[in-house]
There are 2 protein chains.
Amino acid sequence: MTSVGPRSPLLLAPRAGVVHRIPPATGVAFRVARGQTLRVTDPLGHQVADLFSLVAGEGGEALSSGRSIDYADKLWLSSGDVLHGSRSTPLWRIGRDDVGRHDLTLTPCSREMFVKLRGDDGSHPSCQDNLERALATLGVAAHRITCSFNIFMDVRFDPATGKMTIAPPASRAGDCIELVAEADQLVGLTACSSEVTNDGQLKPIDFVLLG
Amino acid sequence: MTSVGPRSPLLLAPRAGVVHRIPPATGVAFRVARGQTLRVTDPLGHQVADLFSLVAGEGGEALSSGRSIDYADKLWLSSGDVLHGSRSTPLWRIGRDDVGRHDLTLTPCSREMFVKLRGDDGSHPSCQDNLERALATLGVAAHRITCSFNIFMDVRFDPATGKMTIAPPASRAGDCIELVAEADQLVGLTACSSEVTNDGQLKPIDFVLLG
């Protein structure tokens, strides 16, 4: 495998077996075919990657965090679990998972979130912006991006009060998760832009399509 | 206050102060104006109501469960908390809340869910279908309905394993929640169709607009 980088374009046409590096606080879009495996690797450790995907076409079925939690019957999906679309179609089956802790409850970090919660001036990069820009190159309207599979993100809730804690990602350098595509899809993938979520440092994310 | 029922049309134009009854396993759509209060009451007890709302217009901002959880910093929103839209606009501020336990993690129950999880033949009513039909009368495309505020629904997750438990709604007969509209919105509201979620019996939901 070879590595492409350091800067990636918004739209990629990944060749099977070629590792692509998503620079810190950016995102890319690409197509996957049913049966392909998407391996997402945290090259340096403690870095989140937000994934959103949907079936092409007007009103095409999109990833649904709520359906995925419902069918898996648990909050944290891992090897053997399936990410579902809004019409209950299986979109991804989780294969190898070195980490076992990912989030489906939160939406991608957004420009507005950095303004409201961190006092930013509106210029901070965000996963929402990066997903929107990348997926726009494939004709996806911004308002379709309503949730994400937040790979390596560790979000916990106090069982008595529901209070949220975002812990540093448990992923170590080289840890990966493999997602087997159960349908042809358009995919957006980011190296997350939130300092708080990523143990204080924004780092790259690697991915490769297999098969 | 007077009560309208037992059967409601899909589209309502509620007059302030008039209580509307949503028959079991059905749903309605209506408009709310900023500043109005929507009171949702469980008339018989242990019954869930699914709410979805969005701002009118192409790509209008829609309720976002993930943003709402993020800004509230907790899984279970109650009095004083705010339901946010996908662009971080406050859509509803929760006022009076007799119950204090509602869900934002699951999507509305769907026809496909009853087939996959309950062995249904595809004819079971569902909140997703009821929201889609009702909101279609206001021009809302089905694929916009990607999450819901599941009023009175009690969903818990084991803090160690993430295993989900859906407990009977804690609401007793006459319990209500009041939502103050922070923006003009199109609203879909159901009396939930899932036997498992509603303590074994599908019951009506009442609502009234105040102000």
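Inside 10 Å of the C-beta atoms of B:54-61, what's the mean count of C-beta atoms belonging to other chains?
1
Lys/Arg Cβ at +1, Asp/Glu Cβ at -1, dipole of segment B:161-211 taken about the Cα centre: which of B:180, B:191, B:165 is farthest positive-ward?
Projecting each Cα onto the dipole axis, the largest value belongs to B:165.
Could you work out the mean count of beta carbons from other protein chains within 10 Å of each residue's beta carbon in A:101-108?
4
Inter-copy label distances at residue A:95, 7 Å along the Cα→beta-carbon direction, one decimal in nm, shortest first?
Label-point separations across copies, in nm and ascending: 5.5.
Placing unit charges on C-beta atoms (Lys and Arg positive, Asp and Glu negative, everything else neutral), compute the dipole magnitude of segment B:1-130 about its Cα centre in debye, rounded to 20.
420
Express in % the proportion of alpha carbon pairs of segment A:5-104 at distances exceeding 20 Å.
Value for segment A:5-104 (Cα pairs over 20 Å): 44 percent.
With each run of n ≥ 4 DSSP H residues scored as -39500 (n - 2.57), what mean residue ellipticity at 222 nm is computed for chain A after dividing by its residue count and rounding to the nearest 500 deg cm²/dmol?
One gets -3500 deg cm²/dmol as the mean residue ellipticity at 222 nm.
Considering only DSSP states other than H, G, I, E and B, which chymotrypsin sites (Phe, Trp or Tyr not before Pro) in segment A:126-161 qualify as loop sites with at most 10 other Cβ atoms within 10 Å?
none
As an exercise, use a Förster radius of 41 Å and the Cβ-Cβ distance of residue A:173 and residue B:167 to find the FRET efficiency, rounded to the nearest 0.05.
Computed FRET efficiency for residue A:173 and residue B:167 comes out at 0.50.
Rounded to the nearest 5, what % of DSSP beta bridges with both residues in segment A:1-118 are antiparallel?
DSSP beta bridges in segment A:1-118 are roughly 60 percent antiparallel.
Per 10 Å bin, what percent of the C-alpha pairs of the protein assembly as shown does each bin hold, from zero upward?
5, 23, 33, 24, 11, 3, 0, 0
Let's see if you can work this out: charge +1 on each Lys and Arg Cβ, -1 on each Asp and Glu Cβ, no other charges. What is the dipole magnitude of segment B:69-192 about its Cα centre, in debye to the nearest 20?
The dipole of segment B:69-192 has a size of about 180 debye.
Per the Kirkwood definition applied to all pairs of different Cα atoms, how many angstroms is the hydrodynamic radius of chain B?
16.8
Grab the other residues whose beta carbon is less than 12 angstrom from that of residue A:206, score K and R as +1, D and E as -1, and report the net.
So the environment of residue A:206 carries a net charge of +1.
When each copy gets a label point 7 Å from Cα toward the beta-carbon at residue B:17, what are the spacings between them in nm, shortest first?
7.7
Give me the inter-chain shielding for B:67-76: mean count of other chain Cβ atoms within 10 Å, whole number please.
That average works out to 6.
Under 11 Å from the Cβ of residue B:128, count the other residues' Cβ atoms, weight Lys and Arg +1, Asp and Glu -1, and hand me the total.
Net of charged neighbours comes to 0.
Applying a 10 Å radius around every beta-carbon, put B:133-144, A:99-110, B:25-36 in order of their mean neighbour count, most first.
A:99-110, B:25-36, B:133-144
Laboratory data are not the source of any read-out in this text; all were calculated from the coordinates shown. This one's a predicted model, so the numbers in the text were calculated from it and none came from an experiment. Here the Cβ is made from the backbone with ideal geometry for all residues, glycine too, and neighbour counts use every protein chain on show.
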